[in-house]
Each structure stands twice: as structure tokens, then as C-alpha cells.
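The values are calculated or read from the model by the stated rules, or taken from the named source; none is laboratory data. A quick note: this is a predicted structure, and the numbers were derived from the prediction, not measured. As a convention, Cβ positions derive from the backbone with ideal geometry for all residues, glycine included, and neighbour counts pool all protein chains shown. SASA here: full protein model, heavy atoms, side chains in, ligands and nucleic acids out. Shrake-Rupley method; radii C 1.70, N 1.55, O 1.52, S 1.80 Å.
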Amino acid sequence: MDEARLKIAVQKVGRLTEPSLELLARCGLQLSRGKDQLFAYGENMPLDVLFVRDDDIPDLVREDVCDLGLVGLNVLEERRLALGGRCASLESLRSLEFGRCRLSLAVPKEFRYRGVRALAGLRIATTYPQLLERYLRERDVAAQIVRLSGSVEIAPRLGRADLICDLVSTGSTLEANHLTEVETVLQSHAVLIRTPLPLPPPKAEWVERILKRIDGVQQVRESKYIMLHAPRAALGEIRRLLPGSEAPTIIPLEGSTDRVAVHAVCRENVFWETLESLKKAGASALLVLPVEKMLA
Ligand code: PRT
Ligand code: ZN
């Protein structure tokens, strides 16, 4: 493998695979091979993708096999805790908008939940023993942690635990297993992590470029470009109404002394209500466009 090229670890098959590849594609990366293989070559950037199990990503990055990784905060934090101080240098560069979920405590429907403190002496099944242990320790609760490698949601029914600590997104898995969510242990989302070792300048520069592009991608999701015509006298009110915009561009209109064109980037979604208010304030010829790319 070429040492001058960056390597990023991405989940091979799973919930993070598609959004991770989409993010990289939106950052401009064109990959030469399908995701079924272990490795994909970046054709237009010195960035290659290594497809692995998500649980391996923190160590691949920590051990400098990969320079970057896209992984759930839940997996990263669990590994950090398991390694103690040895993992402290594993730096999370960006919080990403995908992979949102929470690690929660959930009890069987018939369980009479009376707060965390009342869990002392009970058995809690989880695949996240470190995060659960920290949560319980911080609250001074002496419960027993039952470490499982999967199918946590059926542990209470099998008599292996009194309650569970598992990832939840929509809640339908809990519902299907007659469990009720009672506490959040960790709010999670995907993160971009980097090697703790310093990178040679060309690689470090590419990491900076990629970070800027990621910021751009994350910003444009909600951003809109808005164009309208307005009487000069209404500009104050119109600027006040434009959601999350910086200084707009004001352009004179040919053949008109009192009307101008206003162009602005709004870093929030523009709703119909906003357009209606703008119209009421005197705006006309309103146009809202999606923003494709943004570089601060
Ligand atoms: O093979 P590999 O080890 O790579 O995959 P995996 O099975 O460990 O991971 P995968 O693909 O299930 O999840 C990868 C990452 O996605 C997790 O580490 C989280 O960061 C994130 N994520 C987001 C989730 C969920 N949402 C999620 N809902 N991971 C798992 N779940 C599971 C949860 O464990 C439960 O079984 O989905 C079920 C609950 O979902 P709801 O929607 O019914 O609440
Ligand atoms: Zn996994």
C-alpha cells in the first residue's frame, strides 16, 4: 500500500456503511471498487477506504493501520474505556449527522421502575459493559452487569437478566420485545476519528481539506439560497425575517430606483411561513434554491 495515501476505515456491512460512503462521495471522493471488497481505491484523491467491522475501527486507527475512521461514538467510547488511558489520544475530529441512536436502559413492561438507585442488586444485560459500568459507578449503583455478545433484548425473557442496556433508535425493537426505555446512558452518532500519531505534511493537508469539505457538506444540508426583490425601505424588516443568514447581497434593479434584488444564504430551512412573511413585508419574485456546496 502507498504510504503517501490516507487510509480511512469504514464499516463493511451495516448501518454506517451507506451514510459513510455517501459522506465521502459528497466530499468529492470517487472510489474504484464496490463495497463488497475489503479495500477501495480513491481515484481522484489520495484517500483509500478499508472496509472492516465497526468494532475494529478504533483499534485500527489507534494502532495507525488507518489514518482516519468513521465509527459510532458508542463503539469509540466503549473501546476508550476498555483501554483506559492508553486510548486517550484517539482524537474525535468531527461529530457527524448520521448513525444517531442512544444507549438506554430498558425494563420489561411489567417491571415497576423506581429510578436508577433501585437497580442495586439486579442483573443488566448489555454488549456495552464499560459504558454501563461507568454509568452505574457515577450513580453509585451496585448492579450486576451481564456481558452478552448480541440479542440483548431477549435476555430478560430467557431469565438471564432483569433488564437491559442496549442501543435504541426508533424504539420498535424494544416495543416488539415488551421492553420500556427508562434511562439514557449515552447519546450517540457517528464520529470521524484520526490517528494519534502526527501525519507528514501532505497527508495532514489532505485531512484538513477533507475536514473543510465535511463541514461544508454538513452545513449545506439545511442551507438554502434565497433570492427576492424588495423595496429599499423594507430591507430592514426583510433582513430580520431571513432565517440564519449573514449579510445579504443587495443588487440594484435595472430601471428601478427604489426596488432592489436581495440574495442571501440561509443556514436554516426556509419554510412557507417565512416566504409568506417576506411577501407581506413587500418582497416579490421569491426564489429558494438548494445549496450544492459551501466552503467557508
Ligand atoms: O458487523 P459489525 O460489527 O460491523 O456491525 P454491528 O452489527 O455491530 O453494527 P450495526 O450495523 O448494527 O450498527 C453500527 C452502528 O450504527 C452502531 O454502533 C451505532 O453507532 C449505530 N446505530 C444507530 C445503531 C442503531 N442506530 C440501532 N438501532 N446500531 C444498532 N442498532 C440496533 C440496536 O442494537 C437494536 O438491536 O437496532 C436495534 C434497535 O433499533 P430500533 O430502531 O428498533 O430502536
Ligand atoms: Zn459491531
Select from segment 1-84 those GluC sites (Glu not before Pro) which occupy a DSSP coil region and have at most 16 other Cβ atoms within 10 Å, ordered by residue number.
3, 43, 63
What figure in square angstrom, to the nearest 10, would you give for the accessible area of residue 251 with a 1.4 Å probe?
60
Which loop-located GluC sites (Glu not before Pro) does segment 100-168 contain, where loop means any DSSP state but H, G, I, E or B and the Cβ has at most 13 other Cβ atoms within 10 Å?
110
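Restricting to DSSP H runs of at least four residues, report the calculated mean residue ellipticity at 222 nm for the chain, -39500 (n - 2.57) per run over all residues, nearest 500 deg cm²/dmol.
Taking each H run of at least 4 residues, the total per residue is -7500 deg cm²/dmol.
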Antiparallel DSSP beta bridges within the chain, as percent of all bridges there, nearest 5
75
About its Cα centre, segment 224-290 carries a charge dipole, from +1 on Lys and Arg Cβ atoms and -1 on Asp and Glu Cβ atoms, whose size in debye to the nearest 20 is 40
Between the DSSP loop rule and a limit of at most 16 other Cβ atoms within 10 Å, which trypsin sites (Lys or Arg not before Pro) in segment 28-123 are left?
33, 53, 100, 109, 112, 114
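If you average the sequence gap of Cα pairs under 8 Å that are 6 or more apart and divide by the length of the chain, what percent do you get for the contact order?
Dividing the mean separation by the residue count of the chain yields 18 percent.
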For the chain: lysine pairs with Cα atoms under 12 Å, gap of 8 or more or different chains, count?
4
Can you give me the angle between helix 129-138 and the longest principal axis of the chain, using Cα atoms only, in degrees from 0 to 90, rounded to the nearest 10?
90
Sort segment 1-149 into rounded, prolate or oblate with this rule: let a ≥ b ≥ c be the square roots of the eigenvalues of the Cα gyration tensor; rounded if a/c is under 1.5, and if a/c is not under 1.5, prolate when a/b is larger than b/c, oblate otherwise.
prolate
GNM of the chain, Cα pairs under 10 angstrom: of 192, 286, 70, the biggest fluctuation goes to 286
List the longest stretch of the chain that has no exposed loop site; here a site is one of the chymotrypsin sites (Phe, Trp or Tyr not before Pro) assigned by DSSP to anything other than H, G, I, E or B, with at most 16 other Cβ within 10 Å.
114-270
